[in-house]
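This report concerns only the one structure given below.
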Amino acid sequence: MEWAGSQHQMAGVSCLDCHKIHQPQGDPVLAKTTEAQVCLACHKDQRSDFLKPSSHPVRQGLMSCSGCHSPHGSTAPAMLAKATLNQTCYSCHAEKRGPV
């Protein structure tokens, strides 16, 4: 719905750059365990971040990129799936919520 004007659309990324059709095992970007491989093929800085000792468990398949980000566009910063960083992060990290 928010594809027009999204960062991916503005960068000339097409549907087929991420989605693979007519594959026997289906579309790898739609499976939580293989989605990161598709995203990290272009997002090299994030790939290196996930190699750090302390990172979200994306490489282990315990969470996916789309769990926090909306690849089809968003009006939130960093194409977050929810309106703010706080709403996105605190849905899993409630212990980090204030007051501090």
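Just so you know, all these numbers are worked out from the coordinates, no wet-lab data involved. Since we're looking at a predicted model, the values are computed, not measured. Backbone-built Cβ (ideal geometry, glycine too); neighbour counts: all protein chains shown.
A few remarks follow.
- Loop-resident trypsin sites (Lys or Arg not before Pro) (DSSP state other than H, G, I, E or B) in the chain with no more than 16 further Cβ atoms inside 10 Å of their Cβ: Lys20, Arg59, Lys82, Arg97.
- Put simply, the amide H of Lys20, placed in the peptide plane, has neighbours under 5 Å in Val29, leaving out anything fewer than 5 places away on its chain.
- Contour minus Cα-Cα distance for Gln37 and His19 (0.36 nm per residue): 5.3 nm
- Computed magnitude of the charge dipole of the chain (debye, nearest 20; Cβ of K, R +1, Cβ of D, E -1): 260 debye
- Hits among aspartates and glutamates - C-alpha to C-alpha of Lys44 under 18 Å, sequence gap 8 or more where chains match: Asp17, Glu35
- Net charge of Cβ neighbours under 13 Å - reference Pro28; Lys, Arg +1; Asp, Glu -1: -1
- Contour minus Cα-Cα distance for His72 and Ser54 (0.36 nm per residue): 3.7 nm
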